[in-house]
Amino acid sequence: MLLVLEQGLNGLQYGVMLFLMAAGLTLVFGIMNLVNLAHGSLYMVGAYLATAFARWTGSFVLGALLALPATLLVGVVVEVIALRTLYERDHLDQVLATFGLILFFNELVAIVWGRAAIYTSLPPSLSGSFVLLPGLRYPTYRALVILVGVAAAVFLYVLVTSTRLGMLIRAGASNRTMVAALGVNIRRLYTLVFGLGAALAGLAGLMAGPIYAVQPGMGEQILIQVFVVIIIGGIGSIRGAVAGAMVVGMVDTLGRAFLRPTLSTIVSPAAADKAGPALASMLIYLMMAAVLFFRPQGLFPTRGR
Amino acid sequence: MAEPLIAVRGLSKSFGGLRATDRVDLDVEDGETHAIIGPNGAGKTTLIGQLAGDLRPDAGTTRFAGRDVTSLDAPARSRLGLARSFQITSIFPDFSALDNVALAVQAHSGHSFHFWRPARAERELREPALAVLGGVGLGARADVLAANLAHGEQRQLEIAMALATRPRLLLLDEPVAGMGLEETQRMVRLLSTLKRRVTIVLVEHDMDAVFTLADRISVMVYGRIIATGSPEEVRGNAEVRRAYLGEGTES
Amino acid sequence: MAISRRAIVLAAGAVLLALVPPVAGLLNQPFYVDLFRRMMIFAIAALSLDLILGYGGMVSFGHAAYLGIGAYAVGIFAFYGVDNGFLQWSVAIAASAAAALVIGVISIRTSGVYFIMITLAFTQMLYYLGISLETYGGDNGMPLKTRSQFAGLVDLRNPSAFYYVVLALLLLFLLLGRRLVDARFGMVIRSARSNEPRARAIGFAPFRYKLAAFVLAGGACGLAGALLANQTEYLTPDFMHWTRSGEIMFMVILGGMRTLFGPVLGAVVLLGLEDVLSALTEHWQIILGPFLVVVVLFAKRGLFGLVSRDG
């Protein structure tokens, strides 16, 4: 039972990271109508920058704090140079051009830091674990990731629901010309939103460093899972991103942890050893297929789309 | 009296909180030209969409040519003889005018799982299409890319595509919208020649066109049909004058 | 004028491709037979994608899935000692078509960005499935024991014979594709791409036609996969990697969407470019990426659009 709880927390932690990614992607799509495959690259850039800054300053926290604005800056530069011209193009152009950006970023990272995976070491204060319940210790760092993620979600909620920027974001998602008519500099708004999305992806990436391998291509592994999140949750809605991220995070984590042992009680252990991992890695996609079959618009479709 | 060609009972459709059509009853007799007028936002286009089968009604039934078509979608209704034009011109812009019409002919000549013979060489598609195109006055423009036709010609092309499906009922959503005087006159003349040959439901803001073409008129306000009658009756109806004509014919 | 020019380009292309083996033999550069065969195999894949992407308007980011399924069909049969090519290739086509049917039924009801993400996600699922098939080499893949056998009819171990088989198949698919897109079937999917509400209003029910096109394209790409397994004599989940789908898509755009011949040109140019660049630097993708962006932004009509343009 405690094991289930622990894995549940891991699922929550993964879900939080998926949410940070999905929120940026879905905001950018909802407002600028841009399918940005290179969103995963920003995640990767965040992870690498955090690692590099941590080594440079000798402090993990300082590295993280520097990496966040740096990733935002990278996002803004990419938006201004390459993506801005894509807003009016069709989805095919957007997909291909951002695919080109992915190739570029993955190679750039490989040139600067090499192709081998690098790992970030945590400061002693974060690398331990603490007693969550009697008999259950949980890694401090993963708990911190959950806390930061939840805080970011709350921040995003407040930003969208009760600030002027949030008002523009909500209005922009439903009516572009109206926002322009309000006299808002729409290009600056777009750059700002893109930067926000980049910062969220960077936050997810810099937190991922100490948990997962930091390597070229890491962005796309998570990106495709984020697509599943968005397909399940419904595109363009933050609420959908939250729900989708939690569902995918839980199902993926719990599936990997418990599918094989569960299967071995039904079929032979040998067969379970074979089918278990295969099924676990396919689980979220199968779930996506099921959701689509019954609800082609996802669980939380945005109205009027 | 014979059964109406299309009979609508209690048709409703809401978008969010807005009731676009609200328990609409409508009978269109075989052979008549029936205009639906009303201020912008009255739900006329929604009604056309529901008649064509593009929008599923929240409630109500639709009978067409003696059978219940409520659950049929647009392609199925088209094959029963229901054709439409759209409020915003809707053609295949990257095909020639003739291709546009030939596609409509093709859609009504059995299934299209033919993989070998070039469709553009099929006389049974091209000849009827050319005939229809000539009938609407676009015979000389057959090989022009539809995107390059003038606005008025594109609207004529839409009519041609509808006619090529050999419809029993033609749903026309503002066929003269955005046209100049001369183009409007040409379109009204074209529609006059179609009267009697085919039943027409006409949504239109241009009152000259409406009173020239319509045998009967229904007035729609806030999603409801508030009056139906001959042009004279509608013109004299006090409620209509107050609700609609009194506010000005264009909004 | 455009037609005749197109025909000339086509004929010239076919002749040039047919000349590759003797010329490579003269120059004593057998490597080029290998390279051009690989190009033509990807040309078949890109051609099949053009059917649904260019003519059907379905932006599938998962075309590598069928490449993988076709390759695995050959590889798994060979693993168990079944090397009959007729059987292997038939199953490759059938299995890819079946997968396309399932993916298509679920994805074609959706549209736009959903379609892109769903096709991408399903292909990723198959990629992970490939990785977890430990029996067939898992992550690392496994060598193909022997190339497909055709009862002595043709020997694929002969590089030139294999080359001409691929060339014949490519020309066959070009012909079939041309007939198909101009026939009634093609007109339906093209009209649905052009204006789906209009297509529905005149009485077409596009879903089943789009699905049929999706299945046909999947089957054709499955055959390309079977060829690819024979080409590399190796089987790896990397055939299904999502970047492969992106590459095939880029071939279509680079060569010219909705032209059938364009994707062939795109495959030749992209793989040729990769070959040249990778000889220059290990980090050739840093050049290819921005090149891709530039092509999308400034040369949307593709190479074939440039050469076959009027006047």
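The values are calculated or read from the model by the stated rules, or taken from the named source; none is laboratory data. Since the model is a prediction, treat every value here as computed from it, not as a measurement. Quick reminder, even Gly has a Cβ in these numbers, built from the backbone with ideal geometry, and neighbours come from all protein chains shown.
Please state which of the following conditions B:Gly178 fails to meet, knowing it meets all the rest: (1) over 21 Å from B:Val8 (Cβ atoms); (2) at pLDDT 95 or above.
Looking at each condition in turn, B:Gly178 falls short on (2).
Output the qualifying pairs, or none if there are none: Cβ atoms under 8 angstrom, residues six or more apart or on different chains, first residue in the stretch B:69-98 and on the phi > 0 side of the Ramachandran plot, second residue in a loop (DSSP other than H, G, I, E, B) and of a type in the set (Lys, Arg).
Note: pairs meeting the criteria are B:Gly81/B:Arg166; B:Gly81/B:Arg168.
Can you report the number of residues in the stretch B:54-70 which are at pLDDT below 95 and out of contact with any Gly (no Cβ under 8 Å at 6 or more places or on another chain)?
Going through the stretch B:54-70 one residue at a time, the tally reaches 6.
Tell me the helices (runs of 4 or more DSSP H) entirely within the stretch C:91-204 that contain at least 1 residues that are modelled with pLDDT of 95 or more, within 14 Å of chain B (Cβ to nearest Cβ) and surrounded by fewer than 24 Cβ atoms within 10 Å (Cβ to Cβ). Talk me through it step by step, then tell me what you get.
On the way: elements: C:112-132, C:159-182, C:184-194, C:196-201.
By residue number, C:159-182, C:184-194, C:196-201.
Between a first residue in the stretch C:31-57 that is closer than 19 Å to C:Pro206 by Cα and a second residue that is of a type in the set (S, T, N, Q), which pairs have beta carbons less than 7 Å apart while being 6 or more apart in sequence or on different chains?
Once the first residue is closer than 19 Å to C:Pro206 by Cα and sits in the stretch C:31-57, its partners that are of a type in the set (S, T, N, Q) give C:Leu49/C:Ser60; C:Ile52/C:Ser60; C:Leu53/C:Ser60.
Pairs only if they're at least six apart or on different chains, beta carbon under 6 angstrom, first in the stretch A:45-72 and within 13 Å of A:Leu203 (Cβ to Cβ), second outside any helix (DSSP H, G or I); list them, first residue then second.
So the pair list comes out as A:Ala47/A:Gly209; A:Ala47/A:Val214; A:Ala50/A:Gly209.
How about the stretch A:83-110: which of its residues are more than 8 Å from chain C (Cβ to nearest Cβ), among the hydroxyl-bearing types (Ser, Thr, Tyr) and surrounded by fewer than 23 Cβ atoms within 10 Å (Cβ to Cβ)?
Of everything in the stretch A:83-110, just one residue is more than 8 Å from chain C (Cβ to nearest Cβ), among the hydroxyl-bearing types (Ser, Thr, Tyr) and surrounded by fewer than 23 Cβ atoms within 10 Å (Cβ to Cβ), namely A:Tyr87.
Of everything in the stretch B:27-56 that's among the hydrophobic types (A, V, I, L, M, F, W, C) and assigned to a loop (DSSP other than H, G, I, E, B), which residue is farthest from B:Arg224 (Cα to Cα)? Before the answer, list the steps.
Pass one, the stretch B:27-56, residues among the hydrophobic types (A, V, I, L, M, F, W, C): B:28, B:35-37, B:42, B:47-48, B:51-52, B:55.
Now restrict to residues that are assigned to a loop (DSSP other than H, G, I, E, B): B:42, B:55.
On the way: B:Ala42: 8, B:Leu55: 17 Å.
Among those residues, the one meeting the criterion is B:Leu55.
List pairs: first in the stretch A:231-244 and in contact (Cβ under 8 Å) with a residue 60 or more places away in the chain, second in a helix (DSSP H, G or I) and among the charged types (D, E, K, R), Cβ under 9 Å, 6+ apart or cross-chain?
A:Gly233/A:Arg239
Quick check: is even one residue across the stretch C:271-291 of a type outside the set (A, V, I, L, M, F, W, C), assigned to a loop (DSSP other than H, G, I, E, B) and under 16 Å from A:Val95 (Cα atoms)? Steps first, answer last, please.
Quick first cut of the stretch C:271-291, residues of a type outside the set (A, V, I, L, M, F, W, C) only: C:272, C:274-275, C:278, C:281-283, C:285, C:289-290.
Restricting the remaining residues to those that are assigned to a loop (DSSP other than H, G, I, E, B) gives C:281-283.
Going one step further and asking which of them are under 16 Å from A:Val95 (Cα atoms), we end up with none.
No, every residue in the stretch C:271-291 fails to be of a type outside the set (A, V, I, L, M, F, W, C), assigned to a loop (DSSP other than H, G, I, E, B) and under 16 Å from A:Val95 (Cα atoms).
Listed residues C:Leu87, C:Leu49, C:Leu16; which is more than 15 Å from C:Leu228 (Cα to Cα), assigned to a helix (DSSP H, G or I) and under 17 Å from the mean Cα position of the chain (by Cα)?
On the way: C:Leu87 fails: under 17 Å from the mean Cα position of the chain (by Cα); C:Leu16 fails: under 17 Å from the mean Cα position of the chain (by Cα).
Answer to the check: C:Leu49.
Kindly check whether there is at least one residue in the stretch C:53-63 that is away from chain A (no Cβ under 14 Å), on the phi < 0 side of the Ramachandran plot and modelled with pLDDT of 95 or more.
Step one: list which residues in the stretch C:53-63 are away from chain A (no Cβ under 14 Å), which gives none.
Looking for residues that are away from chain A (no Cβ under 14 Å), on the phi < 0 side of the Ramachandran plot and modelled with pLDDT of 95 or more, one finds none in the stretch C:53-63, hence no.
Does the stretch B:68-85 hold any residues that are in contact with a helix residue (DSSP H, G or I) (Cβ under 9 Å, 6 or more places away or on another chain) and either closer than 17 Å to B:Thr199 by Cα or polar (S, T, N, Q) (or both), and which are they? It would help to see each step written out before you state the result.
Restricting attention to the stretch B:68-85, the residues satisfying the condition of being in contact with a helix residue (DSSP H, G or I) (Cβ under 9 Å, 6 or more places away or on another chain) are B:69, B:72-75, B:77-79, B:82-85.
Of everything in the stretch B:68-85, those that are in contact with a helix residue (DSSP H, G or I) (Cβ under 9 Å, 6 or more places away or on another chain) and either closer than 17 Å to B:Thr199 by Cα or polar (S, T, N, Q) (or both) turn out to be B:Arg77, B:Ser78, B:Arg79, B:Leu82, B:Ala83, B:Arg84, B:Ser85.
If I ask for residues that are free of Cβ contacts under 8 Å to residues at least 24 places away in the same chain and among the aliphatic types (A, V, I, L, M), which ones from the stretch C:205-239 would you list?
Narrowing the stretch C:205-239 to residues free of Cβ contacts under 8 Å to residues at least 24 places away in the same chain: C:205-206, C:208.
Residue satisfying the conditions is C:Ala205 alone.
I'm trying to understand the selection: among the residues of the stretch B:58-90, which are over 14 Å from the mean Cα position of the chain (by Cα) and either of a type in the set (Lys, Arg) or within 7 Å of another protein chain (Cβ to nearest Cβ) (or both)? Before the answer, list the steps.
Kept after step one, since they are over 14 Å from the mean Cα position of the chain (by Cα), are these residues of the stretch B:58-90: B:58-73, B:75-76, B:79-80.
If the condition is that a residue be over 14 Å from the mean Cα position of the chain (by Cα) and either of a type in the set (Lys, Arg) or within 7 Å of another protein chain (Cβ to nearest Cβ) (or both), then B:Arg63, B:Arg67, B:Pro75, B:Arg79 are the ones that fit.
Can you tell me which residue among C:Val82, C:Val33, C:Val74, C:Val23 is surrounded by fewer than 17 Cβ atoms within 10 Å (Cβ to Cβ) and in a helix (DSSP H, G or I)?
Details: C:Val82 fails: in a helix (DSSP H, G or I); C:Val33 fails: surrounded by fewer than 17 Cβ atoms within 10 Å (Cβ to Cβ); C:Val74 fails: surrounded by fewer than 17 Cβ atoms within 10 Å (Cβ to Cβ).
None of the other options fit; the residue is C:Val23.
Which ones in the stretch A:1-48 are part of a helix (DSSP H, G or I), crowded, with 24+ Cβ neighbours inside 10 Å and over 14 Å from the mean Cα position of the chain (by Cα)?
The answer is A:Ile31, A:Met32, A:Tyr48.
Applying the selection to the stretch A:105-158, what residues are among the aliphatic types (A, V, I, L, M), farther than 25 Å from A:Phe53 by Cα and either without any contact (Cβ under 8 Å) to a residue 12 or more places away in the chain or not in a helix (DSSP H, G or I) (or both)?
Correct list: A:Val131, A:Leu132, A:Leu133, A:Leu136, A:Val154, A:Val158.
What is the residue count in the stretch A:72-90 for residues that are in contact with a helix residue (DSSP H, G or I) (Cβ under 9 Å, 6 or more places away or on another chain) and either part of a helix (DSSP H, G or I) or of a type in the set (Val, Ile, Thr) (or both)?
13
Against the definition (surrounded by fewer than 23 Cβ atoms within 10 Å (Cβ to Cβ), at pLDDT 95 or above and touching a strand residue (DSSP E or B) at 6+ places or on another chain (Cβ under 7 Å)), how does B:Arg123 come out, yes or no?
On the way: surrounded by fewer than 23 Cβ atoms within 10 Å (Cβ to Cβ): yes; at pLDDT 95 or above: yes; touching a strand residue (DSSP E or B) at 6+ places or on another chain (Cβ under 7 Å): no.
It is false that B:Arg123 is surrounded by fewer than 23 Cβ atoms within 10 Å (Cβ to Cβ), at pLDDT 95 or above and touching a strand residue (DSSP E or B) at 6+ places or on another chain (Cβ under 7 Å).
Name the residues in the stretch A:11-57 that are among the hydroxyl-bearing types (Ser, Thr, Tyr) and under 20 Å from A:Gly298 (Cα atoms), would you? Reasoning before the result, please.
In the first step, residues of the stretch A:11-57 are kept if they are among the hydroxyl-bearing types (Ser, Thr, Tyr); the result is A:14, A:26, A:41, A:43, A:48, A:51, A:57.
A:Thr26, the sole residue that qualifies.
Which of the residues that make up the stretch B:144-198 are surrounded by fewer than 19 Cβ atoms within 10 Å (Cβ to Cβ), within 14 Å of chain C (Cβ to nearest Cβ) and either more than 16 Å from the chain's Cα centre (by Cα) or at negative phi (or both)?
B:Leu145, B:Ala147, B:Arg168 - these are the residues of the stretch B:144-198 that are surrounded by fewer than 19 Cβ atoms within 10 Å (Cβ to Cβ), within 14 Å of chain C (Cβ to nearest Cβ) and either more than 16 Å from the chain's Cα centre (by Cα) or at negative phi (or both).
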